[in-house]
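Accompanying notes for the structure given below.
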Amino acid sequence: MPIHHAVLALLADQPGYGYELKSRFEKAVGPQFGALNIGHVYQILERLERDGMVTRRLVHQSDKPDKAVYRLTPKGRAELMDWVALPHLRTSGFRDDFFLKLAAAAGLGKDTVAVLLTAQRRAYLQELSMLDELRRNASDDPVVQLLLKAAILHTEASLRVVDAAEGLDLAESKSSDRDRHPEENDAQSWGADTESGSESSA
């Protein structure tokens with residue numbers, strides 16, 4: 001997630017300091033992204049200052065340590081505008097651990113596939129319940145509400161994938177594939193026999 005661009009966007013509204021920017025970020029994106037680590041915020045601010053995208057000014061406080069207030073520079077605003085204008089594209093494809101588990105379960109038989117799909121369905125339903133509660137309790141900010149709605153739609157789509165998987169005989173498909181490549185099964189069997197023979201000799 002490009003947090004440094006989010007920080008630039010916050011500073012485009014008004015100057016700010018570390019803890020204030022952390023609070024404004026969490027309020028802007030809602031609970032779905034989770035809390036932002038303050039140490040990470042200061043690392044980003046230091047990097048942005050080094051790159052000339054923000055400036056830093058120390059403000060004296062009589063009863064507290066001086067605080068560093070950051071302000072967006074023209075270079076930082078140009079970087080922000082360039083980033084906003086670019087469309088978001090997936091960079092890692094549609095990789096999902098669920099499909100790795102599904103491929104493994106298909107090789108272990110119908111019962112294993114059924115156990116996986118039941119567990120996955122339960123997890124998605126629990127996630128939908130949690131997201132619905134978050135949406136009810138979240139602020140009325142339209143961006144926050146849209147983010148939560150997007151999370152709900154993604155989870156509902158994942159649930160439909162489970163529905164589709166239940167309509168397929170995945171284990172039978174894997175079995176048919178093994179029947180079409182008996183030489184691989186022979187090789188695996190030979191390996192098992194070799195290990196068994198070695199143990200007997202020992």
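The values are calculated or read from the model by the stated rules, or taken from the named source; none is laboratory data. Computed from a predicted structure; not experimentally measured. Note that each Cβ is placed from the backbone with ideal geometry, even for glycine, and that neighbours are counted across all protein chains shown.
Key figures for this structure:
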quantity	calculated
In the stretch 88-115, residue modelled with the lowest pLDDT [restricted to those that are part of a loop (DSSP other than H, G, I, E, B) and closer than 16 Å to ALA165 by Cα]	ASP96
Only one of ALA157, ALA187, ALA202 that is at pLDDT 90 or above, surrounded by fewer than 12 Cβ atoms within 10 Å (Cβ to Cβ) and out of contact with any Pro (no Cβ under 7 Å at 6 or more places or on another chain)	ALA157
Subset of the stretch 116-151 (residues that are surrounded by 12 or more Cβ atoms within 10 Å (Cβ to Cβ), in a loop (DSSP other than H, G, I, E, B) and of a type in the set (Asp, Glu))	ASP141
Some residue of the stretch 135-154 being within 17 Å of the chain's Cα centre (by Cα) and among the acidic types (Asp, Glu)	no
Single residue of the stretch 10-55 satisfying the filter (of a type in the set (Lys, Arg) and surrounded by 17 or more Cβ atoms within 10 Å (Cβ to Cβ)) that is modelled with the lowest pLDDT	ARG24
Cβ pairs under 8 Å, 6+ apart, first in the stretch 39-54 and farther than 17 Å from PHE25 by Cβ, second in a loop (DSSP other than H, G, I, E, B) and modelled with pLDDT of 95 or more	GLY52/THR73
